[in-house]
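Read through the structure below, which is laid out as structure tokens, and then see the notes.
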Amino acid sequence: MRSSDILIVDDEVGIRELLSEILQDEGYTVALAENAEVARQLRNQTRPALVLLDIWMPDCDGVTLLKEWAKAGQLNMPVVMMSGHASIDTAVEATRIGAFDFLEKPIALQKLLTTVQRAMKYADMQGNQALNLDRLGKSPVVHELKRALERVVPVKSPILLTGEPGVGFELVARFFHQANTPWVTPNKPEQLADAPLELLQKANNGVLYLPDIGSQPRRAQQGLLFLLSKLERYNVRLVCSCSRPLQELLVDPACDNRLLTALSSVIVPIPSLREHADDIVELAQQLLAELIDNKQVPAHRLTTAALNALRQYDWPGNLEQLRSIIKSLALTADSDDIDAPEVNKVLAQFRQEKPPEESGFDFNLPLRELREQLERRYFEYHIGLENGNMSRVAQKVGLERTHLYRKLKQLGVKFSRRGVED
């Protein structure tokens with residue numbers, strides 16, 4: 001069955017037909033339900049963008065149906081309640097459960113159309129946001145993240161997203177983006193340093209997203225401080241992300257504490273993938289399907305054993321690492337099915353699985369030399385894992401960056417100066 005724009009649920013045939021005629025004349029596709037049972041079926045079959053729901057019906061009242069949808073996680077479309085003799089308390093209860101609005105019968109034509117237009121606009125915005133967050137998963141941890149984001153949507157202050165590298169910062173940042181408004185992010189730090197006003201002008205009435213501010217050079221930080229004073233003038237929502245621990249930034253002389261203070265009014269932590277590991281199986285299948293649909297990889301299928309192997313890994317690189325490994329598996333698979341041995345072979349490259357006696361260390365060395373050898377291998381491993389991004393390496397190994405650089409020089413470990421600035 002094709003999708004509908006609006007589902008009308010009312011036990012009075014005259015009201016259903018009248019509302020349907022009005023809304024179809026406005027160009028909407030309409031589905032009709034005479035009771036809660038039919039409404040349940042049509043909600044699943046047609047996936048409406050909006051539901052007009054009568055409160056008083058013979059088999060099940062509208063508030064009970066609204067509660068049912070909310071409890072089952074199916075209240076992902078605006079619902080406008082309708083009634084000719086509902087009390088204020090009933091309307092308040094419906095709003096508390098999650099109803100978008102309330103229409104009192106008889107419904108005035110202009111009031112109906114205005115409410116429907118507002119609800120459909122809201123549905124478009126929520127649809128984009130829900131789609132983005134679904135790409136992080138559907139576990140209770142992600143639902144709690146969504147609730148936290150919904151609480152700060154009305155707040156006009158800048159938003160600071162914190163978390164480990166690869167957790168999906170931009171997916172979360174797009175939760176704040178409304179359809180048909182600008183979405184701007186600088187291509188390189190120089191834009192933030194040299195042309196902050198130009199970024200604001202481009203983002204006028206939209207969202208300016210600044211990734212990884214913990215690794216921005218000093219001049220870019222100064223440009224960001226300038227931006228903060230102009231946000232209201234351009235009606236720009238500023239969303240920043242940071243993959244370095246804030247306590248580390250506070251003691252880093254390369255970071256401007258004034259900037260951290262200004263950005264710390266609204267902080268939203270993003271969970272690591274291992275904190276919602278129940279999502280890994282579905283995310284892996286979703287990522288593979290997207291890569292196949294976009295013609296980036298040939299068609300393949302992950303076996304149950306392969307999915308279990310993915311589920312058991314810790315994912316230090318989080319969602320970005322999962323996507324990278326799924327793509328690698330799909331590009332190198334020599335059969336339609338990707339099985340556990342292929343997964344384990346790829347994951348073994350990121351694990352220290354050999355016991356010490358098989359790892360190439362010479363246990364006849366003096367303890368100091370053996371320790372240096374072990375430390376050298378340890379840091380080289382993490383530098384390779386993070387592709388030379390020294391900010392991420394510092395976070396992973398638990399060292400402040402200047403201490404890390406000093407340690408690497410002592411050990412004779414080479415690292416890219418470009419990686420230091422990333």
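Right, Leu260: open to solvent by less than 40 Å² (accessible area, probe 1.4 Å), without any contact (Cβ under 8 Å) to a residue 24 or more places away in the chain and within 18 Å of Ser157 (Cβ to Cβ) or not?
Details: open to solvent by less than 40 Å² (accessible area, probe 1.4 Å): yes; without any contact (Cβ under 8 Å) to a residue 24 or more places away in the chain: yes; within 18 Å of Ser157 (Cβ to Cβ): yes.
The answer is yes for Leu260.
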| Given (1) at pLDDT 90 or above; (2) part of a helix (DSSP H, G or I); (3) under 24 Å from the mean Cα position of the chain (by Cα); (4) not small (Gly, Ala, Ser), index of the condition Glu342 fails | (3)
| field | Matching residues, the range 39-64, being over 21 Å from Thr115 (Cβ atoms) and either assigned to a strand (DSSP E or B) or of a type in the set (Asp, Glu) (or both) | value | Asp59
| request: Collect the residues in the range 295-322 that are open to solvent by 70 Å² or more (accessible area, probe 1.4 Å), polar (S, T, N, Q) and part of a helix (DSSP H, G or I), keeping them in residue-number order. | output: Thr304, Asn308
| note | By residue number, the members of the range 65-88 that are in a helix (DSSP H, G or I), open to solvent by 10 Å² or more (accessible area, probe 1.4 Å) and hydrophobic (A, V, I, L, M, F, W, C) are Ala70, Ile88
| Are there any pairs with C-beta distances below 7 angstrom linking a residue in the range 60-83 that is touching a residue at least 40 places away in the same chain (Cβ under 8 Å) to a residue that is polar (S, T, N, Q), with the two at least 6 apart or on different chains, and if so which? | none
| message | Within the range 89-113, take every residue that is open to solvent by 60 Å² or more (accessible area, probe 1.4 Å) and β-branched (Val, Ile, Thr) and give me the one that is farthest from Tyr28 (Cα to Cα). | response | Val92
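Give the range 1-56 a look and list any residue that's of a type in the set (Val, Ile, Thr) and touching a residue at least 60 places away in the same chain (Cβ under 8 Å), or say none.
Pass one, the range 1-56, residues of a type in the set (Val, Ile, Thr): 6, 8-9, 13, 15, 22, 29-30, 38, 46, 51, 55.
Once the filter is applied, which keeps residues that are of a type in the set (Val, Ile, Thr) and touching a residue at least 60 places away in the same chain (Cβ under 8 Å), the range 1-56 yields Ile6, Ile15, Ile22.
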| said: Can you pull out every residue in the range 164-213 that is open to solvent by 60 Å² or more (accessible area, probe 1.4 Å), within 22 Å of the chain's Cα centre (by Cα) and of a type in the set (D, E, K, R)? | reply: Glu170, Arg174
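I'd like the full set of residues that are farther than 12 Å from Met77 by Cβ and open to solvent by less than 80 Å² (accessible area, probe 1.4 Å), limited to the range 45-58.
Narrowing the range 45-58 to residues farther than 12 Å from Met77 by Cβ: 45, 54-58.
Answer for the range 45-58, where residues must be farther than 12 Å from Met77 by Cβ and open to solvent by less than 80 Å² (accessible area, probe 1.4 Å): Asp54, Ile55, Met57.
Yes or no, residue by residue, for (1) assigned to a loop (DSSP other than H, G, I, E, B); (2) over 13 Å from Ile326 (Cβ atoms):
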{"position": "Ser241", "(1), (2)": "no, yes"}
{"position": "Arg244", "(1), (2)": "yes, yes"}
{"position": "His276", "(1), (2)": "no, yes"}
{"position": "Asp279", "(1), (2)": "no, yes"}
{"position": "Ala284", "(1), (2)": "no, no"}
| query | If you check Ile325 against the conditions, is it at pLDDT below 90, among the β-branched types (Val, Ile, Thr), surrounded by 15 or more Cβ atoms within 10 Å (Cβ to Cβ) and within 27 Å of Leu171 (Cβ to Cβ)? | reply | no
| request: Please state which of the following conditions Tyr28 fails to meet, knowing it meets all the rest: (1) hydroxyl-bearing (Ser, Thr, Tyr); (2) assigned to a loop (DSSP other than H, G, I, E, B); (3) surrounded by fewer than 16 Cβ atoms within 10 Å (Cβ to Cβ). | output: (3)
| field | Number of the exception - Ala220 against (1) in contact with a helix residue (DSSP H, G or I) (Cβ under 7 Å, 6 or more places away or on another chain); (2) in a helix (DSSP H, G or I); (3) closer than 25 Å to Ser272 by Cα | value | (3)
| request: Take Arg47 and decide whether it is out of contact with any Leu (no Cβ under 8 Å at 6 or more places or on another chain) and among the basic types (Lys, Arg). | output: yes
| task | For the range 33-55, indicate whether the set of residues that are of a type in the set (Asp, Glu), at pLDDT 90 or above and under 19 Å from Tyr122 (Cα atoms) is non-empty. | result | no
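The values are calculated or read from the model by the stated rules, or taken from the named source; none is laboratory data. All values reported here derive from a predicted model rather than from experimental measurement. Don't worry about glycine lacking a Cβ; one is built from the backbone with ideal geometry, like all the others, and counts go over all protein chains shown. When the accessible area is computed, the model is the full protein with side chains, heavy atoms only, and any ligands, DNA or RNA have been set aside. Shrake-Rupley method; radii C 1.70, N 1.55, O 1.52, S 1.80 Å.
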